[in-house]
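Everything below concerns the one structure shown next.
The values are calculated or read from the model by the stated rules, or taken from the named source; none is laboratory data. What you are looking at is a predicted structure, and each value in this text was computed from that prediction instead of being measured. Glycine gets a Cβ as well: all are built from the backbone with ideal geometry, and neighbour counts include every protein chain shown.
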């Protein structure tokens, strides 16, 4: 299953 | 970093440069909502606090620093340098109706119940609606300078491009960020009306005018 992202977006 | 995200970020960067260009060339902040700009400062400051404790990349840090400083600079231009051209009497959207629900939502929906994560969530929810005072003002005045509409179009394109970026990341990187995705879809949807008029009028060389 997809995992939650780190906050690496702007 | 995929191309959707890169183009999205470049569009965001372009929107701010367009905004500064509009203010400097017309020597006026007419048609701009101070409330929206102040909300963006709030968004950037609450989200990019991680500059101090979480390093992602040089690109990431440079962009974050640029967004914080440029948005603060825009507030300065609106409140000090070009203050006489700012008309608060048409900037009447009640921001407390946005701030309250965003605080509440961030307390309910966050990835961890910590100060930093709640602030991050808050900034995501607030960004999704921060454009509303500006769109409301546009609705009230019924028209806008072309350069202002280019600014708004670039800002909307930035958000729209993040959607294929999330789809890409879901399939290619197995990454998903439900809070950002939900808020991002809402944010993009808010631009639909604006984009309709932008594509059918401004890009055809006509003035941005809303039907009476």
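Quick notes
- Which numbered condition residue B:158 fails, given (1) over 20 Å from the mean Cα position of the chain (by Cα); (2) crowded, with 16+ Cβ neighbours inside 10 Å: (1)
- Qualifying residue in the stretch B:30-46 (condition: within 14 Å of chain A (Cβ to nearest Cβ), surrounded by 19 or more Cβ atoms within 10 Å (Cβ to Cβ) and over 17 Å from residue B:13 (Cα atoms)): yes
- Residues that are surrounded by 16 or more Cβ atoms within 10 Å (Cβ to Cβ) and modelled with pLDDT of 95 or more are absent from the stretch B:49-59.
- Residue in the stretch B:49-71 that is more than 14 Å from chain A (Cβ to nearest Cβ) and either within 25 Å of residue B:179 (Cα to Cα) or assigned to a loop (DSSP other than H, G, I, E, B) (or both) present: no
- Any hit, the stretch B:167-175, residues being within 30 Å of residue B:20 (Cβ to Cβ) and either part of a loop (DSSP other than H, G, I, E, B) or touching a residue at least 60 places away in the same chain (Cβ under 8 Å) (or both): no
- Taking each residue of the stretch B:53-80 that is closer than 18 Å to residue B:29 by Cβ and looking for partners that are at pLDDT 95 or above and not in a helix (DSSP H, G or I) with beta-carbon atoms closer than 9 Å, six or more apart or interchain, yields B:74/B:29; B:74/B:32; B:77/B:29; B:78/B:29; B:78/B:32; B:78/B:86; B:79/B:86.
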